[in-house]
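Some notes on the structure that comes next.
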């Protein structure tokens, strides 16, 4: 697991055995990507993660960590699963990361102990993000969802669970993602759905479904110079 240190070498001030991992999906040009940290001297890849201070709300810790990794503040971020299987416990990746940085940790070091992680997911326009590595990683980059490198521990499972959660709750959560401009066409909205769901949708059926959800309001026709062929513009209903 990749975590920010916050200057606490022995874990003082942090909740013991509890961590956060965030699946940050980036959407742009009909592509869905995931933000990953890379440890070049070890060949290890991981999700951005962090710890929770003793006096800190869990959601606040997650928001702070994601802002550090992306440079973005107004992000829809939500818990989706708690990963606590004993099989995910493996101190060797973190030992290798620390050793590559010149630290030879004792076997009882707090970073080598078992952690239960709370999974969060977010969906952002990655052209607006500024990927920034944490203190113990060398790089922070976007990777295509269908071409991910081998990930440490159970991070591949965390991504899989996050995507499944996103796909199931897309109708209810879409308005909070800020993926589209304030006004958009039905075709642009459909492209978001098709990218996230990974399949082509029937145009007429998709339009009927979206209009039946009562989350869209008609604004006007998009100015294209051909009024009779101009698509309608919509925006999300403000609730």
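So which residues in region 133-162 are under 13 Å from residue 121 (Cβ atoms) and either at pLDDT below 95 or not in a helix (DSSP H, G or I) (or both)?
145 - this is the single residue of region 133-162 that is under 13 Å from residue 121 (Cβ atoms) and either at pLDDT below 95 or not in a helix (DSSP H, G or I) (or both).
Which ones in region 179-196 are surrounded by fewer than 18 Cβ atoms within 10 Å (Cβ to Cβ) and outside any helix (DSSP H, G or I)?
Residues satisfying the conditions are 181, 182, 183, 185.
Given the residues 35, 72, 77, which is the only one that is at pLDDT 95 or above and under 14 Å from residue 129 (Cβ atoms)?
Among 35, 72, 77, only 35 is at pLDDT 95 or above and under 14 Å from residue 129 (Cβ atoms).
What single numbered condition from (1) more than 30 Å from residue 221 (Cα to Cα); (2) not assigned by TED's automatic domain parsing to the domain that holds residue 91 fails to hold for residue 162?
Residue 162 satisfies every listed condition except (2).
State which residue pairs qualify: first residue farther than 17 Å from residue 195 by Cα and inside region 152-176, second residue in a helix (DSSP H, G or I) in any location, beta carbons under 8 Å apart, and separation of 6 or more residues or different chains.
From region 152-176, the pairs are 152/93; 153/88; 153/93; 154/87; 154/88.
Just to be sure before I move on: is residue 91 in contact with a helix residue (DSSP H, G or I) (Cβ under 6 Å, 6 or more places away or on another chain), under 15 Å from residue 132 (Cα atoms) and in the same structural domain as residue 159 (by TED's automatic domain parsing) in the structure I sent?
no
What do you reckon, is residue 211 farther than 15 Å from residue 45 by Cβ and assigned to a loop (DSSP other than H, G, I, E, B)?
No.
The values are calculated or read from the model by the stated rules, or taken from the named source; none is laboratory data. Small disclaimer: the values here were computed from a predicted structure and weren't measured. A quick note on method: Cβ atoms are made from the backbone with ideal geometry, for glycine too, and the neighbour counts reach across all protein chains shown.
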